[in-house]
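Participant: Provided herewith is a single structure, encoded as structure tokens, for subsequent inquiry.
Just so it is clear, none of the values below were taken in a lab; they were calculated from the coordinates. Note that the coordinates shown come from a computational prediction; the quantities given were computed from them, not determined experimentally. No Cβ is skipped: glycine too gets one built from the backbone with ideal geometry, and neighbour counts run over all protein chains shown.
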Amino acid sequence: MKRIGILLSGRGSNFEAIADSVAAGRIEAEIAAVISNRPTARGLEIARERGLPAVCIPSKDVPREEYDRLIVAELKSQQVDLVCLAGFMRLLSAEFCQAFPMRILNIHPSLLPAFPGLDAQKQALEHGVKISGCTVHFVDPQLDAGPIVLQAAVPVLENDTPESLSARILAEEHRIYSEAIAVVLAGRWRIEGRRVVVD
Ligand code: GRF
């Protein structure tokens with residue numbers, strides 16, 4: 001059985017959707033570790049309510065390289081096969097990425113490479129795009145830049161606010177993150193250049 005490690009910082013709705021997919025057998029794996037860098041993350045509570053192994057490793061005032069070594073050690077001790085960032089509000093060091101080559105996924109609420117970074121939905125609205133969406137991608141040390149596994153598009157409506165657009169995108173996030181995890185864990189993909197080809 002493959003083992004998934006989840007890293008989060010907040011609400012945890014993507015983590016919850018992944019946990020639902022595991023419970024329903026849409027993802028054949030177990031959640032071996034849920035790690036938050038913030039003690040107050042709602043995602044930690046959700047994990048505990050579900051009886052999943054949840055730990056907080058606080059990042060405040062810890063230098064990045066040192067912090068990442070702590071996280072990698074925890075993930076390795078839980079023998080994690082795939083790391084899923086689910087609203088984890090930190091850049092990963094090169095050392096972290098090298099510890100799990102092509103085995104770290106992230107979800108981002110825009111159609112990358114458009115609107116990387118914070119407040120992607122607000123960026124999309126302010127730019128005036130008519131279509132936005134979400135992206136699941138492999139993680140490298142650059143922000144929101146690694147090879148793309150899956151994307152989903154949603155319309156941007158004339159009267160959208162950042163909140164209404166975020167909600168429309170979030171529903172798609174919950175759907176495609178589980179799908180991408182299933183594809184990656186099953187090895188139903190290969191890489192050509194920076195293009196991920198899903199079989
Ligand atoms: C999501 O919009 C995700 O795309 C972004 O951070 C947000 C996390 O939300 N990376 P949640 O904690 O999964 O509810």
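Participant: First check a/c for the stretch 1-101, with a ≥ b ≥ c the square roots of the eigenvalues of its C-alpha gyration tensor; if it is under 1.5, answer rounded, and if not, answer prolate when a/b is larger than b/c or oblate otherwise.
Facilitator: oblate
Participant: Then there is this: Around Leu170, under 13 Å between beta carbons, what's the net of Lys plus Arg minus Asp minus Glu among the other residues?
Facilitator: Neighbourhood net charge equals -1.
Participant: Could you work out how far helix 162-185 tilts from the main Cα principal axis of the chain, as a 0 to 90 degree angle to the nearest 10?
Facilitator: Around 50 degrees separate the two axes.
Participant: Working from Cα positions, state the angle (0 to 90°, nearest 10) between the long axis of helix 13-23 and the longest principal axis of the chain.
Facilitator: 60
Participant: Highest first, please rank the peptides 139-150, 7-18 by the mean number of other Cβ atoms sitting within 10 Å of their residues.
Facilitator: 7-18, 139-150
Participant: Also: Please give the charge dipole size of the chain, origin at the Cα centre, charges +1 on K and R Cβ atoms and -1 on D and E Cβ atoms. Round to the nearest 20 debye.
Facilitator: 280
Participant: Largest first, please: the extent of the C-alpha atoms of the stretch 106-199 along each principal axis, to the nearest Å.
Facilitator: Extents along the principal axes: 41, 25, 17 Å.
Participant: While we're on this one: Among Phe115, Leu165, Cys134, whose Cα sits farthest toward the positive end of the charge dipole of the chain (+1 at Cβ of Lys/Arg, -1 at Cβ of Asp/Glu, about the Cα centre)?
Facilitator: Going by the Cα projections, it comes out as Cys134.
Participant: How long, wide and thick is the chain, going by the Cα atoms along their three principal axes, in whole angstroms, largest first?
Facilitator: 48, 39, 34
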